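The values are calculated or read from the model by the stated rules, or taken from the named source; none is laboratory data. Model, not experiment: these values are computed from the prediction. Using ideal geometry, Cβ is built from the backbone for each residue, glycine included, and neighbour counts are taken over all protein chains shown. Surface accessibility is based on the protein's heavy atoms, side chains included, excluding ligands, DNA and RNA. Shrake-Rupley method; radii C 1.70, N 1.55, O 1.52, S 1.80 Å.
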Amino acid sequence: MVEISLLTESDRARWEVLARGKDAYFGVERGDADYERTWRRLLDDEQIRGIAARLDGKMVAIAHYLFHASVWYAGKCYLADLFVDTEVRRRGVATAVIEWAARDAKEHGFPSLYWNTLEDAPARALYDKVGKFHQGFILYSYRRDASRNSTP
């Protein structure tokens, strides 16, 4: 059975192992200060949450999410990160984590949970089952340098 709870100070070492595993999987490089800053935010910021999933007492997954206002709706919850240790994938851990985060968000007045993923991510098989795929939506992020290089 999967046990899920908010992260606590005693989770720090194992959280970092899993967070670094997530970053390695996605080819992201971060410094030690980045992990320390994020850890503090996960424990100290009321709008940002970090949770751990355990199997047989061992932390095997982490998720990070944040609550935010919405222009048209009561509020939303963005699932920023979800990572499950490769040794325990396909055992219902990710589904349990998503359900737990969605329930936590709803209980705090943020009834909509959403996330992004890569088009070719293996986790899409799960996401297509538990979430609603919005065909045709495209995610943009602003790149300041791109606007400077354009000619008027």
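Observations, loosely collected:
- Probing with 1.4 Å while keeping every protein chain in the model, the per residue accessible area of region 1-142 equals 66 Å².
- Applying a DSSP loop filter and a limit of 12 other Cβ atoms within 10 Å to the trypsin sites (Lys or Arg not before Pro) in region 54-90 leaves 90.
- When the convex hull of its Cα atoms is projected in every direction, mean area for region 75-144 (nm²): 6.2
- Hydrodynamic radius of the chain per Kirkwood, over alpha carbon pairs, in Å: 16.9
- Principal-axis tilt of helix 32-44 within the chain, Cα atoms, nearest 10 degrees: 70
- Of the solvent-accessible surface of region 82-150, computed with a 1.4 Å probe over protein heavy atoms with every protein chain present, carbon and sulfur atoms account for 50 percent.
- Counting only heavy atoms of the protein chains and using a 1.4 Å probe, residue 127 has close to 40 Å² of accessible surface.
- Helix-only CD estimate at 222 nm, as mean residue ellipticity for the chain, using -39500 (n - 2.57) per DSSP H run (n ≥ 4): -10500 deg cm²/dmol
- Note on surface exposure: 46, 16, 9 rank 46, 9, 16 by accessible area, highest first, 1.4 Å probe.
- Listed peptides 20-27, 129-136, 67-74, 105-112 by packing density, highest first (mean Cβ within 10 Å): 105-112, 20-27, 67-74, 129-136
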